1. Just to be sure before I move on: is residue 119 closer than 21 Å to residue 211 by Cα, within 16 Å of the ligand (Cβ to nearest atom) and modelled with pLDDT of 95 or more in the structure I sent?
2. Taking the condition without any contact (Cβ under 8 Å) to a residue 60 or more places away in the chain, surrounded by 16 or more Cβ atoms within 10 Å (Cβ to Cβ) and outside any helix (DSSP H, G or I), does residue 92 pass?
3. Is it the case that residue 212 is assigned to a loop (DSSP other than H, G, I, E, B), closer than 19 Å to residue 242 by Cα and in contact (Cβ under 8 Å) with a residue 12 or more places away in the chain?
4. Among what's in segment 95-116 and is more than 19 Å from residue 13 (Cα to Cα) and either polar (S, T, N, Q) or assigned to a loop (DSSP other than H, G, I, E, B) (or both), pick the residue that is farthest from the ligand (Cβ to nearest atom).
5. Considering only residues of segment 143-179 that are more than 26 Å from residue 95 (Cα to Cα), without any contact (Cβ under 8 Å) to a residue 40 or more places away in the chain and part of a helix (DSSP H, G or I), which is farthest from the ligand (Cβ to nearest atom)?
6. Which one of the conditions (1) surrounded by 19 or more Cβ atoms within 10 Å (Cβ to Cβ); (2) polar (S, T, N, Q); (3) modelled with pLDDT under 95 does residue 281 fail to meet, given that it meets all the rest?
Amino acid sequence: MPSARLSAGRFVFDLDRPLIMGVINVTPDSFSDRGDSFDADAAIARAEQLVAEGADLLDVGGESTRPGAPDVPADEELRRILPVVRALAPRFAVSVDTSKADVMREVLPLGVAMVNDVRSLREPGALDAVAASDAAVCLMHMRGSPRTMQDHPVYADVVVEVGGFLRERALAAEASGVARERIVIDPGFGFGKTAAHNLTLWRQLGALRSLGWPILAGLSRKSLLGTITGRSVDQRVHASVAAALLAVQRGADIVRVHDVAATRDALAVLRAVDHEESFQS
Ligand code: HH2
């Protein structure tokens, strides 16, 4: 079973309750918010709001990974996120959503708590950049790249293949010197998967968790929820809250969400029902 703690730079999180990671997309083209936080001041204000609402971690990203998104050069990604990371990292537990070693090397000395890499530290230099720090890392499964990942993904057994990949990447990180309690794994909902693949992985989160690392689940506002409910991106809050709840019930330790306040309330209800001792009148 995964370690009961997550060590993330100067932060240590107890994983006996689920953590909420709030999303800050410093991008003009994210699928989920259409550039609401592209301006640095807007991103910082949103981050402060998400912390007040109950976010444990803030995930700051400067490159959209939606299906079909173009690659963004490292200097442009840094131009977008650096003012935001500089303002937030001294105050809060900041995760940086990036795959580029150049970006990691620039932000890690600023006191970043986590690197969240949708490419699982496979870009040149990325593994070493994280190993040389004390930050946590989220290793995510993706088939192909954002430009190609939804082109007819096929798996013989999606749970075995995703689990095998995540295990291999987590062991590679450990072999490079990243302690086990700094590692989180993520099946990568929507990254090179059909709706059926996503649902199978979701049902089997417990099997992935038994690999030995905590699980992060990112389902918030995703197209799977649009497929299920028929709703557009800006109308997926209710489905996203249900998704966070059902991910935690099936084994997620961290949920990556846009709607922090609503998710926090839902998880508080779950905890009151599941843990008698947490709610005594
Ligand atoms: N999903 C997105 C981005 N980063 N990281 C992890 N670990 N897991 C995820 O599921 C995940 C992620 C996509 O969501 P969003 O950031 O809202 O959109 P975009 O990539 O278009 O900026």
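The values are calculated or read from the model by the stated rules, or taken from the named source; none is laboratory data. Keep in mind that this is a model prediction, so the values were computed, not measured. Glycine also receives a Cβ, built like all others from the backbone with ideal geometry; neighbour counts cover every protein chain displayed.
1. yes
2. In short, yes.
3. no
4. Of everything passing the filter in segment 95-116, 100 is farthest from the ligand (Cβ to nearest atom).
5. 160
6. (1)
For (1) in a helix (DSSP H, G or I); (2) away from the ligand (no atom under 16 Å from the Cβ); (3) touching a helix residue (DSSP H, G or I) at 6+ places or on another chain (Cβ under 6 Å), each residue gets a yes or a no:
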residue: 181; (1), (2), (3): yes, yes, no
residue: 189; (1), (2), (3): no, no, yes
residue: 216; (1), (2), (3): no, no, no
residue: 228; (1), (2), (3): yes, yes, no
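Here's the yes/no breakdown for (1) away from the ligand (no atom under 16 Å from the Cβ); (2) over 23 Å from residue 97 (Cβ atoms); (3) outside any helix (DSSP H, G or I):
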{"site": "185", "(1), (2), (3)": "no, no, yes"}
{"site": "199", "(1), (2), (3)": "no, yes, no"}
{"site": "220", "(1), (2), (3)": "no, no, yes"}
{"site": "241", "(1), (2), (3)": "no, no, no"}
{"site": "248", "(1), (2), (3)": "no, no, no"}
{"site": "263", "(1), (2), (3)": "no, no, no"}
{"site": "272", "(1), (2), (3)": "yes, yes, no"}
